[in-house]
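Peer 1: Encoded as structure tokens, here's the structure I'll be asking about.
Every read-out reported here was derived from the displayed coordinates using simple, explicitly stated rules and does not represent laboratory data. All values reported here derive from a predicted model rather than from experimental measurement. Neighbour counts run over all protein chains shown; Cβ positions are idealised from the backbone, glycine included.
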Amino acid sequence: MSDIQNFDIVIIGGGPAGGLAGLALAAQGFSCAVVDAMDPAEMRAAPFDGRTSAISYASARVFKRLGLWDAMAPEAEAIRDILVTDGRAKSRFSDGTVSRFFLHFDSRELGEDQPLGWIIENRVIRDALFDAIAAEDGVTLFAPARRAATKFNPGEAVVDLADGRRLCAKLVIAADGRHSALRAEAGIKTNEWRYNQTGIVATVAHERPHEGFAQEFFLPSGPFAILPMTNNRSSLVWTERTAAAPAYMALNDKAFRIEIENRFGPYLGPVTPAGPRWSYPLAFTLAQTYVAPRLALIGDAAHAVHPIAGQGYNLGIKDIAALTDVLAEGRDVGLDIGALTVLQNYQRWRRFDSASLALGTDLLNRLFSNDFGPLRFARDIGMGAVGRVKPLRAFFMRQAGADLGALPSLMAREG
Amino acid sequence: MAQSELTSADPAARSPSGRTTIDPDEVRKFSAIADEWWDPFGKFKPLHKFNPIRLAYIRDGACAHFGRDRRATAPLEGLSLLDIGCGGGLVAEPMRRLGAAVTAIDASERNIKTAMAHAEPLGLDIDYRATTVENLVEENAGPFDIVLNLEVVEHVADVDVFLETSANLIKPGGMTVMATINRTLKALALAKIGAEYVLRWLPAGTHDPRKFVKPEEAKSALTRAGLSVTAEAGVSYNPLMDIWRISDDTDVNYMLTALKG
């Protein structure tokens with residue numbers, strides 16, 4: 001009756017964070033189980049997750065080194081330039097004027113022949129991960145499989161599945177998202193900031209090419225981002241006051257298109273909604289600790305940031321790369337990978353990094369989601385300064401590319 | 001629905017063999033002490049900080065000497081190892097995981113029970129004994145491929161006698177690694193006053209600076225014991241980065257590798 005399987009690591013959550021963690025750790029020789037309550041076929045189906053992710057070039061190195069990039073590259077659109085503009089939507093009260101201050105980040109200024117990042121549909125990432133997991137002996141997928149109970153014993157962690165199977169491991173990784181159940185069960189508290197904002201996400205097709213430009217308009221209701229996708233499409237991340245969001249969500253395609261064009265301006269020509277819209281309340285959640293005996297949190301389970309800077313998945317990827325280094329180094333000198341003696345190195349490496357980015361992103365949002373005159377003036381001056389000073393621009397580009405600070409080996413620059 | 005326990009005493013998950021010779025009351029008492037030994041933020045924080053460095057040093061030295069691939073899953077498989085002054089098992093456990101057959105001794109019964117209480121739920125079979133090197137020699141224990149003397153000589157009464165006795169426990173062709181604190185003003189300032197009184201890393205009185213040993217003294221004692229010293233390394237602390245690393249600076253903490261012909 002008892003069906004017990006032993007692994008080095010059990011990962012709870014088979015999404016972009018959990019799947020990538022399994023593959024990165026398996027590449028280091030760890031045997032991993034990935035557990036998800038949902039059926040992979042369902043997670044791979046188009047209606048499940050229509051969002052896109054921004055992949056920084058440091059994150060792309062992780063996919064390249066794990067052999068995942070070739071499957072993703074044909075459906076990844078390179079961001080060559082980023083334009084940041086302080087603006088107002090065109091409406092009865094405004095002619096939609098765009099401030100003359102704007103920032104232009106040009107990838108060519110970094111002197112390396114690579115884009116600032118890529119925009120990839122989450123379903124493409126999910127497909128690449130699930131295909132790679134199927135081909136990787138070091139990762140066993142348990143999905144759909146509901147987790148019944150998890151125990152963190154002195155010698156090992158025990159994950160009991162609802163179907164009676166028992167998984168034993170030295171370490172459990174929580175990759176079960178912003179509302180991580182495992183995190184709550186382990187008694188790890190979070191600090192949460194809720195915004196009175198909702199992110200509306202949609203894909204649009206347009207007539208004119210985007211030329212690899214990502215645009216971010218800072219509108220009083222929140223940032224409005226237009227991210228270049230393949231096949232003359234763009235992904236919109238439209239932040240709106242929560243009270244107003246349902247009305248926009250309920251608009252018919254034609255009315256929705258007009259609202260988009262009021263914010264876009266005419267530069268992409270006529271736009272057509274392509275696919276459904278999603279809306280997500282914006283919140284920022286930070287776990288008070290990333291580790292406990294035999295438990296490590298990664299991705300949104302550790303920190304769910306505002307999507308304004310496109311760093312959500314990149315932070316998770318850096319968690320995975322850092323945790324992989326820490327665990328491999330610990331194992332290689334014979335240490336217990338589930339013990340705090342090892343896990344605290346991950347905590348030390350990652351928590352400050354993600355906490356500071358989270359706070360920075362929060363500040364950015366508060367600064368820009370505002371129509372207060374003097375504040376507008378101040379930020380326009382600031383943007384103008386960054387826009388004129390090349391080293392400052394390079395710094396912001398490297399920061400956005402997650403290419404600063406101590407990089408884990410999966411993310412390190414060549415050579 | 002789902003539930004977790006951070007500290008659980010699920011007996012089924014305790015010991016893979018299901019057998020134990022340990023009295024549960026004793027286990028509880030010593031588990032508490034073991035938790036102290038193994039708390040990376042607790043009393044032994046500095047030891048945990050530099051443990052990975054010395055573990056890597058021992059692993060690499062042993063792999064080089066015995067012709068092992070250090071990237072193998074258990075590179076020390078098939079080698080016998082004696083850890084003298086094992087304390088809570090901070091070195092013995094990793095060495096067992098790296099594949100060595102480990103015997104670990106400590107003069108303190110309390111340390112041995114603590115180490116056993118910690119290793120037992122992890123399923124690590126380590127031969128822990130509350131004894132001394134003198135007793136091991138008398139019992140004709142060993143000899144061992146690898147003998148570790150880490151942070152011990154600064155606590156023994158007679159370094160020469162101790163090292164000679166320890167050398168008897170090394171197999172011909174085997175190796176020993178010794179780690180200790182130099183007797184310099186810098187060591188006195190950093191390892192004694194700094195660690196014990198300023199940073200409060202170690203309980204005051206942990207070290208008697210008169211017992212610190214200079215590398216030349218240690219080397220000649222090892223040579224007199226019939227060993228040839230093959231490597232010497234410093235272990236330095238960078239307070240700004242809060243990291244330890246191997247260096248050429250043997251002024252404070254240092255390690256020696258010696259072989260038995």
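Peer 1: Across bins of 5 angstrom width beginning at 0, how are the C-alpha pair distances of region A:203-250 distributed, in whole percent?
Peer 2: For region A:203-250, the pair-distance distribution reads 5, 21, 24, 20, 16, 11, 3.
Peer 1: Something else now. Please say if region A:12-87 is rounded, prolate or oblate, where rounded means a/c under 1.5 for a ≥ b ≥ c the square roots of the C-alpha gyration tensor eigenvalues, and otherwise the choice is prolate for a/b larger than b/c and oblate otherwise?
Peer 2: Since a/c reaches 1.5 but b/c is at least a/b, the shape of region A:12-87 is classed as oblate.
Peer 1: Another question, then. Highest first, please rank the peptides A:161-171, A:213-223 by the mean number of other Cβ atoms sitting within 10 Å of their residues.
Peer 2: A:213-223, A:161-171
Peer 1: Before anything else, pin down the relative contact order of region B:23-260: Cα pairs under 8 Å, at least 6 apart, normalised by residue count, whole percent. List each step's numbers first, then the result.
Peer 2: Numbers: 441 pairs, mean separation 40.8, N = 238.
Value for region B:23-260: 17 percent.
Peer 1: Convert each backbone phi in region B:67-81 into a coupling constant with the Karplus relation 6.51 cos²θ - 1.76 cosθ + 1.60 (shift: θ = phi - 60°), then list the ³J(HN,Hα) values in order as whole Hz, x for Gly and Pro.
Peer 2: So the Karplus estimates, Gly and Pro as x, are x, 9, 8, 6, 8, 5, 4, 10, x, 9, 3, x, 9, 8, 9 Hz.
Peer 1: Which whole number in µm²/s is D for region A:155-271 by Stokes-Einstein, with the Kirkwood Rh taken over Cα pairs at 20 °C and 1.002 mPa s?
Peer 2: Using the Kirkwood radius from Cα pairs, D works out to 121 µm²/s.
Peer 1: Using alpha carbon centroids, what distance separates region A:313-332 and region A:1-80, in Å?
Peer 2: Centre-to-centre distance over Cα atoms comes out at 14 Å.
Peer 1: Pairwise over distinct Cα atoms, reciprocal of the mean inverse distance: report the Kirkwood radius of region B:23-260 in Å, one decimal place. Provide the component values of the computation, followed by the final result.
Peer 2: Working: mean 1/r = 0.0553 Å⁻¹.
18.1 Å is the Kirkwood radius here.
Peer 1: Using θ = phi - 60° and the Karplus form 6.51 cos²θ - 1.76 cosθ + 1.60, what ³J(HN,Hα) does each residue of region A:194-200 get, whole Hz, x for Gly and Pro?
Peer 2: 9, 9, 8, 9, 10, x, 9
Peer 1: Students often check this: by mean Cβ neighbours within 10 Å, which of A:34-41, B:213-220 ranks highest, and how do the rest follow? Before the final figure, lay out the partial values.
Peer 2: Details: A:34-41: 19.4, B:213-220: 16.6.
Peptide ranking by packing, descending: A:34-41, B:213-220.
Peer 1: Which entries in B:Lys214/B:Lys260; B:Lys171/B:Lys219; B:Lys113/B:Lys214; B:Lys45/B:Lys219; A:Lys151/B:Lys45 show an alpha-carbon gap greater than 23 Å?
Peer 2: Numbers: B:Lys214/B:Lys260 21 Å; B:Lys171/B:Lys219 19 Å; B:Lys113/B:Lys214 33 Å; B:Lys45/B:Lys219 29 Å; A:Lys151/B:Lys45 27 Å.
Distance filter (> 23 Å) returns B:Lys113/B:Lys214; B:Lys45/B:Lys219; A:Lys151/B:Lys45.
Peer 1: Still on this model: Cα to Cα, under 14 Å, and not fewer than 8 places away if on the same chain: which aspartates and glutamates meet these conditions relative to B:Lys211?
Peer 2: B:Glu151, B:Glu154, B:Asp158, B:Asp160
Peer 1: Over the C-alpha atoms of region A:239-297, what are the Rg and the largest Cα-to-Cα span, Dmax, in Å?
Peer 2: Cα only, region A:239-297: 18.4, 55 Å (Rg, Dmax).
Peer 1: Kirkwood-based Rg over Rh for region A:54-213 (C-alpha set), two decimals?
Peer 2: Result for region A:54-213 is an Rg/Rh of 1.08.
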